[in-house]
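In what follows, a single structure is set out as structure tokens and then discussed.
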Amino acid sequence: MNMNKLMLRKIILASAVVLLALIYIVQVIAGSRSSVKDFVIDKTFDTIEISSSENGSVNLKRYGDFWKVNDEEADSAKAKAISDSLISIKTLSVISKSSGEDAIERYGFTDSQKITVKVSDNGKEYLNLEIGKDAANGQQNYIRVNGKSEIYLASGALRQKCSVKADELKKPAEAPKTEEAPAADTPAPEVAPSV
């Protein structure tokens, strides 16, 4: 009788080891299909269109290293910062696969909340990005890409970088230089010699 109990324990233990091994294999396979995804634009582009109900429309156009915003000269450093933030967007996870009204409201994709960004070159669109609310820490945002229903959590403070008005991107006007008046020829005061 003792031998049967020992055999039964060995069978249960071996079964538990096999079950744990199967669970581990399933987790490894599921982990390799991670929902983390990078959206990369590996081509040059010349146009960035940003629109939101809060800030209106911003049209950035690149001419070499020179940028224009709504047909006026832009601050190239600010325009490049926006451009650089859109070249590679890193997502951390899929938050929702639903495009239902509750998800749209919860993550900030209503018309009054979202920022829409389109990146193109000679009319060919490379990226159509919708930026929703900030996540808890402000350095992450909820995004939707290229009209898909998936809502991703993305790093990089995209909302902060793309929430701009055209006037904020214009090149600052240079202040006119004032000419200094020439110094008048005044004789230096004479100093009495010390004794």
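So here's what we get for this one:
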{"item": "Nearest-20 debye value, the stretch 29-135 charge dipole, Cβ charges on Lys, Arg, Asp, Glu", "result": "480 debye"}
{"item": "Semi-axes of the equivalent ellipsoid for the stretch 36-84, Cα gyration tensor, largest first, Å", "result": "20, 16, 9"}
{"item": "Where GluC sites (Glu not before Pro) fall in DSSP loop in the stretch 51-159, at most 14 other Cβ within 10 Å", "result": "Glu54"}
{"item": "Area accessible to solvent at Phe109, 1.4 Å probe radius, in Å²", "result": "10 Å²"}
{"item": "Cα→Cβ-extended label distance, 7 Å offset, between Phe66 and Lys170, nm", "result": "1.8 nm"}
{"item": "Members of Lys68/Lys97; Lys97/Lys171; Lys90/Lys124 lying beyond 32 Å, as alpha-carbon distances in this model show", "result": "Lys68/Lys97; Lys97/Lys171"}
{"item": "Heavy-atom accessible surface of the stretch 58-102: percent carbon and sulfur, 1.4 Å", "result": "48 percent"}
{"item": "Rounded accessible area of Lys165 (nearest 10 Å², 1.4 Å probe)", "result": "100 Å²"}
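The values are calculated or read from the model by the stated rules, or taken from the named source; none is laboratory data. Keep in mind that what you see is a predicted model, and the values were worked out from it rather than measured. All Cβ positions, even for glycine, are placed from backbone atoms using ideal geometry, and neighbour counts span all protein chains on display. Just so you know, the surface numbers come from the protein's heavy atoms only, side chains and all, with ligands and any DNA or RNA stripped out. Shrake-Rupley method; radii C 1.70, N 1.55, O 1.52, S 1.80 Å.
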